[in-house]
C-alpha cells in the first residue's frame, strides 16, 4: 500500500511527537500543520473535534487531516469542564482547579481524547478514555496541559510525573491512537 500524508493540525509539538510515534507502523507519513482553528464552546470533546476537523480540512483543502480535542470531566461536577478544560486552566491554572475540588469529597474524573480524521467528505472519530482522579495539587514536570493534576486509575502518580513512554502505555491518547492505527492499517 503506498504511503500517504496525514496532516496533523496542532500547535502542540508534544502531541505531535506522541501521535507521530504511535503511527510509525501505519502506511502514512504524519506532518504537523500549526493552524489557529476556531473552536466551538462545548463540554463535549467529540463535538469540538468534529468542528475542528471540518475547519482544518476547509483550510488545507486536500488529503486527510487529523485533529484532536481533549476533555477532563470532573464526576462531581457532572462532567464539567470537559472540553472547556483549556479555558478553565487558562483562567485559574492547575493549582486553582485542584483547590476548587477541595470542597468535594469525590475527586474522580474522566480524561478523554477524541481524534477526528477527515478527508472533506467523511469524518472518522476515535475516542480514548481513562478514569482517574484530580490530585490535591499539581505534581510533575513531564507532559503538558493538565497532566500534572490527573492521576490515572490504578496509579499513584500523575501523568506529569510519568515519562512519555510510560504515559503512552496507559493514556487516553494511546487508546484513541490504537483505534486510529487499526483503522489506517486496515483501510
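The values are calculated or read from the model by the stated rules, or taken from the named source; none is laboratory data. Note that the coordinates shown come from a computational prediction; the quantities given were computed from them, not determined experimentally. As a convention, Cβ positions derive from the backbone with ideal geometry for all residues, glycine included, and neighbour counts pool all protein chains shown.
Brief remarks on what is shown
- Filter result for residue 94 (modelled with pLDDT of 95 or more and more than 30 Å from residue 55 (Cα to Cα)): no
- Of all residues in region 161-187, those satisfying the criterion of being touching a strand residue (DSSP E or B) at 6+ places or on another chain (Cβ under 8 Å) and surrounded by 14 or more Cβ atoms within 10 Å (Cβ to Cβ) are 170, 171, 172, 173, 174, 175, 176, 177, 179, 180, 183, 184.
- Among the conditions (1) under 23 Å from residue 27 (Cα atoms); (2) surrounded by 15 or more Cβ atoms within 10 Å (Cβ to Cβ), residue 119 misses just one, which is (2).
- Conditions (1) surrounded by fewer than 17 Cβ atoms within 10 Å (Cβ to Cβ); (2) more than 29 Å from residue 29 (Cα to Cα); (3) touching a strand residue (DSSP E or B) at 6+ places or on another chain (Cβ under 8 Å): number failed by residue 78: (3)
- For region 55-72, the set of residues classified as over 30 Å from residue 97 (Cβ atoms) and assigned to a helix (DSSP H, G or I) consists of 57, 58, 59, 60, listed by residue number.
- Qualifying positions in region 21-46 - surrounded by fewer than 16 Cβ atoms within 10 Å (Cβ to Cβ) and assigned to a helix (DSSP H, G or I): 21
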